[in-house]
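Structure first, then comments.
The values are calculated or read from the model by the stated rules, or taken from the named source; none is laboratory data. Remember, predicted model here, so these are calculated numbers, not experimental data. Reconstructed Cβ throughout: ideal geometry from the backbone, glycine too, with neighbour counts over all protein chains shown. For accessibility, only protein heavy atoms count, side chains too; no ligands or nucleic acids. Shrake-Rupley method; radii C 1.70, N 1.55, O 1.52, S 1.80 Å.
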Amino acid sequence: MHVVEEPLGMAKLTADFLLERLIENGVSRIYGYPGDGINAIVGALERHKDRLDFVQVRHEEMAAFMACAHAKWTGEVGVCMATSGPGAIHLLNGLYDAKLDHQPVLAIVGQQARSGLGGNYQQDVDLTSLFKDVASEYVEQASDPVQIRHLVDRAHRIALDQRNVTCLIIPNDLAAEPAVEDPPREHGMTQSSPGFKKARVVPHPEDLQIAAEILNSGERIAMLVGAGALGATDAVIGVAEALGAGVAKALLGKATVPDDLPYVTGSIGLLGTKPSWTLMSECDTLLMVGSSFPYSEWLPKPGDARGVQIDIDARMLCIRYPMELGLVGDAKETLEELLPLLRPRTDHSWRDQIEGEVADWWKLMQERALLDADPINPQRLFWELNDVLPPNAIISADSGSSANWYARDVKLGRGHKASLSGTLATMGPGVPYAIAAKFAYPDRPALALVGDGAMQMNGMAELITAAKYFHKWSDPRLVVLVLNNQDLNQVTWEQRAMSGDPKNPMTQRIPDVHYADFAKLIGLDGVRIEEPDAIAGAWEAAFSADRPFVIDAVVDPNVPPLPPHITTAQAKSLAKALRKGDPDARGIIAESFRQKILEFLPGR
Ligand SMILES: Cc1ncc(C[n+]2csc(CCOP(=O)(O)OP(=O)(O)O)c2C)c(N)n1
Ligand SMILES: [Mg+2]
């Protein structure tokens, strides 16, 4: 340990230096929750509040979701902070959300005093082991104040470079010790500095040439773009137009290209569209960019298409489809270098076929959305949203049926940002992601599309955070749409279609809560709607409100959020579930007929 000569009262604490070093690394906001494991850091936050924002959440998991969302919305490192033991444990699910979606997040957690560690002391949890998996790139427990400088520099840089979670564990007694800002220049010391500049990563010219040859020899090209292509809108469009390709979007890449382009087939997979299914099953060449879309059964049959993949991370290459060529590269830069090598098409028949299917699909979406249901057809909420969605809105969805309708019905434009928990697919990020959007861009409207289960799990509590802070946002609009179906609907449907089990009310039904009344109770605004004619007025009110606004929409749980292509096995399971006494069988059959779902069933 290092003896610091200054008298204790005058010395800068390690906690102060920790925050200063974060600031020096570019951090301007921490999402967190206090506790005595981080007492000294909490004290130091007050001394640095002019340069470092602290956002107090209701639950540490929400702080981690917000840090993840901060990274998604801004590209910067999201930082969250929690106390030792229980606080640290609460962070985990949000950190896994970041890890699985490849987001740079730094978690700072407290720990018991070094003197008590290993002594079965209160709240003494082996945090290094606990975080070893989620923060596999870098997790370190400080044992000497002199480490703080390089721990912060490295945790921040590694998070950015690896697009992953890092974690610093700071024992509470250490944080209260005098800071050591400059390690002595002697053996055993390390002299670090902050800073990170992204590299320009492009494949070798000869490999781009091979990619171009494969793509040029194809006649029916499908592109699949994901989160890695989010900054590459024009490059994706340029390549798609040169190749006469259709473009499908993985869910995390929904904002990559605007939905009003006639050859954009929209989402893919279980939550996807029929044109994306056609695109993948009939293409002869697949170009996949910045996506780790997991479900290989929605990609071409192996052998049916030649494949080229571009990803910044070689670990994500060639794991979903047997690609002929996997290129390590940044999406935008690589596509820009590829473009001049591509042979522009003269035959437009493939593009015409895809565009025709896309146009028909949008018509079907509108038809389905406007059909009656009991009482509100959830699709209609999402369809009508398209008329009022501000062009600069930031949109989050949750895991549940909302993800289906978000994926299929919502039309995004160039100005939108949009995300959800793509790979972990956890419930609960909808509201915290929207709150993080408001802190990152206080002048832009945010919208969360969530189920009533997620709302009860954590969304309601986190509305309290919105109520606490909205006066700080120059544009106070944060809209939360709650799909009040009194059901854990997505799973109810999965049980029917995958296991052949009818809805089990004991596990699936959830209480009716008046979410808009709750919003009003805590100083926000909202409306409960129980009929389709009220939808337009509710959106209007929400987007012209002077504070966060909750739309509690009572929707029909029997509108099937089924995939655009149903296998025989799924259809049989569904039929079995309905025969086995599903309490909602009648409503489901009626809705399925109306929604023209049955036309997709095999044998029809
Ligand atoms: C933390 C967590 N628990 C459970 C699940 C499994 N799950 C996925 S969607 C879902 C239902 C969500 O219900 P709700 O929020 O009401 O949305 P709905 O599908 O009814 O619209 C459940 C239980 C999950 N993804 N994450
Ligand atoms: Mg629900």
With each pseudo-label sitting 7 Å past Cα toward Cβ, what's the residue 517-residue 198 distance in nm, one decimal?
4.8
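For the stretch 232-315, give the percent of accessible area contributed by carbon and sulfur heavy atoms, probe 1.4 Å, rounded to a whole number. Spell out each step's value before the answer.
Numbers: 1280 of 2410 Å².
Taking all protein chains in place, the stretch 232-315 shows 53 percent carbon and sulfur surface.
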Stretched fully, the stretch from residue 113 through residue 536 gains (0.36 nm per residue minus C-alpha distance, one decimal, in nm) 146.6 nm
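Peptides 367-379, 526-538: what's the order by average Cβ count within 10 Å, highest mean first?
Per-residue Cβ counts within 10 Å, averaged per peptide and sorted highest first, yield 367-379, 526-538.
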What ³J(HN,Hα) values, in whole Hz, does the Karplus curve 6.51 cos²θ - 1.76 cosθ + 1.60 give for the stretch 259-269 when θ = phi - 60°, with x put for Gly and Pro?
7, 8, 6, x, 9, 8, 8, x, 5, 10, x
Between residue 219 and residue 11, what is 0.36 nm times their sequence separation minus the Cα-Cα distance? Round to one decimal in nm.
67.8 nm
According to a simple spin-label model (label point 7 Å from Cα along Cα-to-Cβ), what is the distance in nm between residue 349 and residue 46?
7.6
If you put +1 on each Lys and Arg Cβ and -1 on each Asp and Glu Cβ, how big is the dipole of the stretch 319-477 around its Cα centre, in Debye rounded to 20?
480
About its Cα centre, what dipole magnitude does the chain give when the only charges are +1 on Lys and Arg Cβ and -1 on Asp and Glu Cβ, stated in debye to the nearest 20?
680
Reachable aspartates and glutamates from residue 503, Cα under 18 Å, same-chain residues fewer than 8 places away excluded?
374, 452, 487, 494, 512, 556, 582, 584, 591
Sulfur and carbon atoms: percent of accessible area, the stretch 434-559 [1.4 Å]:
55
Within a Cβ distance under 9 Å of residue 94, other residues only, what is the Lys/Arg minus Asp/Glu net charge?
-3
Three-way shape call for the stretch 232-357 based on the alpha-carbon gyration tensor, with the a/c threshold at 1.5
rounded
Roughly how many debye, to the nearest 20, is the charge dipole of the stretch 2-139 about its Cα centre, given +1 on each Lys and Arg Cβ, -1 on each Asp and Glu Cβ, and no other charges?
140
Quick check on the chain: of the DSSP beta bridges with both residues there, what percent are antiparallel, nearest 5%?
5
Take residue 579 and residue 36, extend 7 Å from each Cα along the Cα→Cβ direction, and tell me the distance between the two endpoints in nm.
6.3
Kindly state, to the nearest 0.05, the FRET efficiency for residue 206 paired with residue 260, given R0 = 35 Å and r defined as their beta-carbon distance.
0.40
Between residue 506 and residue 414, what FRET efficiency comes out of the Förster formula 1/(1 + (r/R0)^6) with R0 = 35 Å and r the beta carbon distance, rounded to 0.05?
0.15
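Heavy-atom accessible area per residue, the chain, 1.4 Å probe: how many Å²? Could the numbers behind the result be given before it?
On the way: 23500 Å² over 604 residues.
I get 39 Å² per residue for this part.
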Sequence-distant residues sharing a close amide H with residue 13 (under 5 Å, placed H):
179
Which of 346, 397, 119 sits closest to the plus end of the dipole of the chain, meaning its Cα is farthest towards the positive end, when Lys and Arg get +1 and Asp and Glu get -1 on the C-beta?
346
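If each residue of separation counts as 0.36 nm, what is the full-extension length gain between residue 443 and residue 370 once their alpha-carbon separation is subtracted?
23.0 nm
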As an exercise, use a Förster radius of 45 Å and the Cβ-Cβ distance of residue 546 and residue 314 to find the FRET efficiency, rounded to the nearest 0.05.
0.35
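Out of all DSSP beta bridges in the stretch 453-587, what portion is antiparallel? Express it as a percent rounded to 5.
10
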Projected onto the charge dipole of the stretch 413-551 (unit charges on the beta-carbon of Lys, Arg, Asp and Glu, signs +1, +1, -1, -1), the Cα from 497, 467, 507 with the largest positive-side position is that of 467
For the chain, the charge dipole (Cβ of Lys, Arg +1; Cβ of Asp, Glu -1; about the Cα centre) points to a positive end, and the Cα of 334, 201, 410 closest to that extreme belongs to 410
